[in-house]
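Undergrad: Before I ask anything, let me first share the structure, which is written out below as structure tokens.
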């Protein structure tokens, strides 16, 4: 039976036809990416440009127009009339404390479930993953009552505890997914060298988990930094207000007559996460892929 042969011209012609078929879909994908980028970036661009307008320019012109005369007095008023440094400090303390606990507990739980293993490890993992579907609203009243009884209401701890609890399911899932890409030969070689469970965790798993740690921290920091529900429920005094609560009270006091200063405050409080994302975006992508462990 003779083998079919294809001339180079036929192969080249088929390649050109395939490229013609892919070209419209490639253009469509570019348009979709551009549309998504516009939807995501334009609100931030509008907030920043509005914060640079004068009050008269904002009130007397199209709200979506570019500023004719740029001014930074809105930022001066935002800091003078609001307590932005205090709000930033409170959010930073709560976010940092929550992230430390989320990473430590999530890594250890995933290590015990996937690497060490035990009889009911799959059931424990399923229970963790079941926590993803629990809405935060169902725990507000019970937690408020419990905090009142134990004296945790109106404190940093009243925010950190639910943040950690609701972040652990997805964090454990991400760490377990990452650990599944670490070859068993790595752990076997370390065990032959005399590494016990603790040394395996600190000498092998922890150094390899840097990208996943960054991913877990950033994903949860977005939720914690922007959370309003827990902060509005458990924080009663203004000196403990985080950024969302601070912006809400700021708007209530002066936002109705000074929108430009309000947008300046929003721009300032959104900057830390944006800078972190720009600096760590490649690490975030590697952490979400999980396969950097095999590199």
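The values are calculated or read from the model by the stated rules, or taken from the named source; none is laboratory data. If you're wondering where the values come from, they're calculated on a predicted model, not measured in any experiment. In this analysis, Cβ positions are derived from the backbone assuming ideal geometry, glycine residues included, and neighbour counts consider all displayed protein chains.
Undergrad: Taking the range 156-194, which residues are over 26 Å from residue 227 (Cβ atoms), surrounded by 16 or more Cβ atoms within 10 Å (Cβ to Cβ) and under 23 Å from the mean Cα position of the chain (by Cα)?
TA: 179
Undergrad: Which of the residues belonging to the range 144-164 are part of a helix (DSSP H, G or I) and either closer than 17 Å to residue 243 by Cβ or touching a residue at least 24 places away in the same chain (Cβ under 8 Å) (or both)?
TA: 144, 147, 158, 159, 160, 162, 163, 164, listed by residue number.
Undergrad: Return the residue satisfying two criteria in turn: it lies in the range 244-276 and is assigned to a helix (DSSP H, G or I) and at pLDDT below 75, and of such residues it is surrounded by the most Cβ atoms within 10 Å (Cβ to Cβ).
TA: In this case the residue turns out to be 250.
Rundown of residues vs (1) at pLDDT below 85; (2) out of contact with any helix residue (DSSP H, G or I) (no Cβ under 9 Å at 6 or more places or on another chain); (3) part of a loop (DSSP other than H, G, I, E, B), yes/no style:
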residue	(1), (2), (3)
167	no, no, no
171	no, no, no
178	no, no, no
185	no, yes, no
195	yes, no, yes
204	no, no, no
207	no, yes, no
221	no, no, no
230	no, no, no
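Undergrad: Sticking with this structure for a sec: Residue 98 is checked against (1) surrounded by fewer than 16 Cβ atoms within 10 Å (Cβ to Cβ); (2) farther than 29 Å from residue 183 by Cα; (3) at pLDDT 95 or above and fails just one. What number does that condition carry?
TA: (1)
Undergrad: How about the range 49-72: which of its residues are assigned to a helix (DSSP H, G or I) and either over 31 Å from the mean Cα position of the chain (by Cα) or surrounded by fewer than 12 Cβ atoms within 10 Å (Cβ to Cβ) (or both)?
TA: Selection gives 55, 56, 57, 58, 59, 60.
Undergrad: Right, residue 129: surrounded by 12 or more Cβ atoms within 10 Å (Cβ to Cβ), touching a residue at least 60 places away in the same chain (Cβ under 8 Å), within 24 Å of the chain's Cα centre (by Cα) and farther than 18 Å from residue 182 by Cα or not?
TA: Criteria not met by residue 129.
Undergrad: Determine if the range 31-48 includes at least one residue that is part of a loop (DSSP other than H, G, I, E, B) and within 23 Å of residue 271 (Cβ to Cβ).
TA: No, the range 31-48 contains no residue that is part of a loop (DSSP other than H, G, I, E, B) and within 23 Å of residue 271 (Cβ to Cβ).
Undergrad: Here is a further query. Of the conditions (1) within 26 Å of residue 186 (Cβ to Cβ); (2) exposed (fewer than 13 other Cβ atoms within 10 Å of the Cβ), residue 113 clears all except one; give me its number.
TA: If we test residue 113 against (1) within 26 Å of residue 186 (Cβ to Cβ); (2) exposed (fewer than 13 other Cβ atoms within 10 Å of the Cβ), just (2) comes out false.
Undergrad: Let me ask something else. Which members of the range 133-143 meet the condition of being exposed (fewer than 10 other Cβ atoms within 10 Å of the Cβ) and assigned to a helix (DSSP H, G or I)?
TA: The answer is 133, 137, 138, 142.
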